[in-house]
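The values are calculated or read from the model by the stated rules, or taken from the named source; none is laboratory data. What you see is a predicted model; the values in this text were computed from it and never measured. Every residue, glycine as well, gets a Cβ built from its backbone with ideal geometry; the counts of neighbours run over all protein chains shown.
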Amino acid sequence: MAISQVMRVGPAGWSYQDWSGIVYPLRRGRGFHEAAYLADYFDTIEINTSFYQPVRPELGKLWVRKVEHNPRFLFTAKLWHRFTHERQTSAEDELAAREGFDALMAEGKLGAVLMQFPWSFKYDPDNRHYLIGLILRFRAYPLVVEVRHGSWNQPEVYELLREWNVGFCNIDQPVIGRSLKPSAAATSPVGYIRLHGRNYDSWFSEDAKRQPDERYNYLYSAAELQPWAARTRNVSDQTESTFVITNNHYQGKAIANALQLIHLLTGKPVRVPPEMISHYPELESIATPDSVAPGLFSAPKNQAT
């Protein structure tokens, strides 16, 4: 399968106040919508508001309309933290979470549902049992599991995910103690990669709890992205569709690094939001302001993919 058919790179979320004037123009026309704007440059965005509360179906349908000018675009969405962090949920909670996912899925725009667990979620019989139960509850969707503790890095875990047709999320995070290290695993038709940044000093600090954005204030260098481009190719060789999500959102760093990754994966210049180049001059060398793309992996209109 060709590269243009399987890889989608984009940021986690789109609604950040500190992106104004950096990612988005300061002056915005009537009807401006952040997701619609980003869909001119990327083929995916991870919905992160669904981690804090379920997506209302009518809102999900609105988002689908906002990105429909990019036919390659797919959303991914995080599962509500009540299921992954609090772990005390009701049938009503499950129904509310499903309604938003169903609205996206009915439009053919849901690429994956990410079940993101905290570092404290370690591999043991109880947590294994809980994970299987959660998979059973949401198995109607293309599921991906993100764990952060190194105890999950063992063959029986990958076999478990393959058995249930659930993807494994490969992550870049500060490797502290038994934190999960970088990987290129694929356990289902959906490949998934998330880059969180490497702010070692802020990752587990009290300051990070008071100022959570500081945890994601990290800009990857081109040299740091190179191995992740190689891992992305490795994962895509084993899957039908691969998503690479940049979560280092502070002041648009996720946008800069996502564009650099697309350039590394395609070897081609990329479209860059005009405001970004003045803040991240390293993007100038890879930018093609006059390129025409929604969907940076898309082939020209008269070229078969």
For this session: Restrict the check to the range 63-75 and report whether at least one residue is farther than 26 Å from ALA186 by Cα and basic (Lys, Arg).
Result: yes
Exercise. Quick one: how many residues across the range 131-150 are closer than 20 Å to LEU180 by Cα and of a type outside the set (Val, Ile, Thr)?
Worked result: 6
Exercise. Looking at VAL235, VAL244, which one is over 25 Å from ARG28 (Cβ atoms), assigned to a helix (DSSP H, G or I), touching a Ser or Thr at 6+ places or on another chain (Cβ under 8 Å) and not acidic (Asp, Glu)?
Worked result: VAL235
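If I filter the range 167-201 down to residues being of a type in the set (Gly, Ala, Ser) and at pLDDT 95 or above, which single residue comes out as farthest from ASP213 (Cα to Cα)?
This residue is SER188.
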For this session: Would you check if there is a residue in the range 128-135 being within 22 Å of the chain's Cα centre (by Cα) and either surrounded by fewer than 22 Cβ atoms within 10 Å (Cβ to Cβ) or not in a helix (DSSP H, G or I) (or both)?
Result: yes
Exercise. How do the helices (runs of 4 or more DSSP H) wholly within the range 1-100 filter down when requiring 2 or more residues that are surrounded by fewer than 20 Cβ atoms within 10 Å (Cβ to Cβ) and touching an Asp or Glu at 6+ places or on another chain (Cβ under 6 Å): which remain?
Worked result: 57-66
Exercise. Could you list, in sequence order, the residues of the range 102-127 that are within 19 Å of THR242 (Cα to Cα) and assigned to a helix (DSSP H, G or I)?
Worked result: LEU104, MET105
Problem set entry | Residue under evaluation TRP119, criteria (1) more than 22 Å from THR239 (Cα to Cα); (2) modelled with pLDDT of 95 or more, criterion not met | (2)
